[in-house]
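In what follows, a structure is listed as structure tokens, so that the remarks can point back to it.
Read-outs throughout are calculated quantities, based only on the coordinates presented, and are distinct from any laboratory measurement. As the structure is a prediction and not an experimental result, all values here were calculated from the model.
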Amino acid sequence: MKLALKTRDLPTRVATGAYILHSGLDKWHADEARVTGLHGMASGAFPFLRRLTPVRFGKLLAAGEIATGAALLSPVVPASLAGGALTIFSGALVTMYLRTPGMHKPNSVWPSSQGVAVSKDVWMLGIGLGLLLEAATDR
């Protein structure tokens, strides 16, 4: 079996993958109040999510994070697949940040004090795009 993980990608894939995997495992066991809050924030940015119950949304979010984190940590998953999963996941977080008025200063992309925690997810988007660009240029 050939390893798809390049040595130069090891720090970013391990750090990001472990962080996302831990977050997903934590959400998998979240109580109803927490998943209701997460569902409310997400459905404000993505109205189609209102069709899901908060508990169902929480499980789907947790499963997505677990799968994304595991893909990043797995040495047999190519950069294109791991980067694609991370780009989609983090792109949704950044979109939610931009669509939620209280998270950023008016007429600005810069975070308000309430948005700092989510605005920092832009680093994951950069890593995901970097993995995709690497995969595209290494061919």
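Could you tell me the center-to-center distance, by alpha carbons, between region 77-139 and region 54-75 in angstrom?
16
For helix 79-99, report the angle its Cα long axis makes with the longest principal axis of the Cα atoms of the chain; keep it between 0 and 90° and round to the nearest 10°.
Taking the Cα atoms of the chain, the angle to 79-99 is about 20 degrees.
Relative to the first principal axis of the alpha-carbon coordinates of the chain, what is the inclination of helix 32-45, with its axis defined by its Cα atoms, in degrees from 0 to 90 and to the nearest 10?
Rounded to the nearest ten degrees, it is 90.
Take the alpha carbon gyration tensor of region 22-95, find the square roots of its eigenvalues, order them as a ≥ b ≥ c, and report rounded if a/c is under 1.5; if not, report prolate when a/b exceeds b/c, else oblate. Let's see the in-between values first.
Working: a/c = 2.92, a/b = 1.64, b/c = 1.79.
Oblate, because a/c is 1.5 or more while a/b does not exceed b/c.
Test of understanding: in a Gaussian network model of the chain with alpha carbons linked when under 10 Å, which of Gly126, Gly24, Gly69 would top the mean-square fluctuation ranking?
Gly126
Calculate how steeply helix 122-137 sits against the longest principal axis of the alpha-carbon atoms of the chain, using the helix alpha-carbon long axis, and give the answer as 0 to 90 degrees to the nearest 10.
Once rounded, the angle reads 30 degrees.
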